[in-house]
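The values are calculated or read from the model by the stated rules, or taken from the named source; none is laboratory data. Every value quoted in this text rests on a predicted model; they were computed, and no experiment measured them. Glycine gets a Cβ as well: all are built from the backbone with ideal geometry, and neighbour counts include every protein chain shown. Protein only, heavy atoms only, side chains kept; ligands, DNA and RNA dropped before computing areas. Shrake-Rupley method; radii C 1.70, N 1.55, O 1.52, S 1.80 Å.
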Amino acid sequence: MMDNFSEQLVKRQRTSSDNVKRTVVIFGGIAVTLLLLAVSVAFLGSLISILGFLLAVAAVYIIVTTIQSLDVEYEYTFTNGELDVDKIIAKRKRTELITAEVRKFTAFGKYTDDIPETDDMTVVLTSDNIASHEYYADFAHEEYGSTRLVFSPDERMLENISKFLPAKLRNQI
């Protein structure tokens, strides 16, 4: 029997909120850095000057890492009925978000805002922020309880997922 395997990398599109955060961090960071450099120059030759300069360097580092942290990608890995989703920040830091057994999905399909959510439901949003690409899967998760995964699978990923869906869901697609 052949393994059913596929991987997909999805880049999250920036939202207007992300753009506002980015702008605030840049302008606020520049203001703090210039203020620290001004203090450093004003007290030239003293310990305060060295401390001001070091804090300015630290501020630049914080600005750069904060801006990079807004660059988010999700990796979907499907292997024989198991869907793993990882979050990748700035192409460097990987975090495992969730693992789901496709056979245990209780609902699956195109995602729209009018699909009801229960109050106790944990929503794991791992899509590209383009509504026309979004699908959802509802299932019970050991750690999160009632869970909804919102994601953006490509055709190959959808094909592999559909092979392992419960029969009643497979017939709805």
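Miscellaneous remarks
- Take every Cα pair under 8 Å whose residues are at least 6 apart in sequence, average their separation, divide by the length of the range 94-146, and the relative contact order is 48 percent.
- Scattering curve values for the range 46-173, log₁₀ I(q)/I(0), Debye with Cα scatterers, q = 0.12 Å⁻¹: -0.54
- The Cα trace of the range 1-67 gives Rg and Dmax of 20.5, 74 Å, the first to one decimal, the second as a whole number.
- Using alpha-carbon coordinates, inclination of helix 16-42 to the longest axis of the chain, degrees: 20 degrees
- Interatomic Cα distance distribution for the range 20-59, bins of 10 angstrom, percent: 36, 43, 17, 4
- Computed over the Cα atoms of the range 127-173, pair by distinct pair, the Kirkwood hydrodynamic radius stands at 11.9 angstrom.
- Net charge of Cβ neighbours under 10 Å - reference residue 137; Lys, Arg +1; Asp, Glu -1: +1
- Structure-based [θ]222 nm, the chain - -39500 (n - 2.57) summed over DSSP H runs of at least 4, per residue, nearest 500: -12000 deg cm²/dmol
- Packing here is the average count of other Cβ atoms within 10 Å per residue, and on that basis the peptides 24-31, 160-167, highest first, run 160-167, 24-31.
- Entry comment: accessible area of the chain is 62 Å² per residue, from protein heavy atoms only and a probe of 1.4 Å.
- For residue 168, a cut-off of 17 angstrom between C-alpha atoms picks up these aspartates and glutamates, skipping any fewer than 8 places away in its own chain: 101, 138, 159.
- Neighbourhood net charge (15 Å Cβ-Cβ; Lys/Arg +1, Asp/Glu -1) for residue 89: +4
- Note on surface exposure: 121, 157 rank 121, 157 by accessible area, highest first, 1.4 Å probe.
- Taking every alpha-carbon pair under 8 Å whose residues sit at least 6 apart, the chain reaches a relative contact order of 22 percent.
- Shown here for the range 129-170: GluC sites (Glu not before Pro) in loop regions (DSSP other than H, G, I, E, B) with at most 11 other Cβ atoms within 10 Å, namely 142, 143.
- The residue among 29, 40, 129 whose Cα reaches farthest toward the positive pole of the charge dipole of the chain, with charges on the beta-carbon of Lys, Arg, Asp and Glu, is 40.
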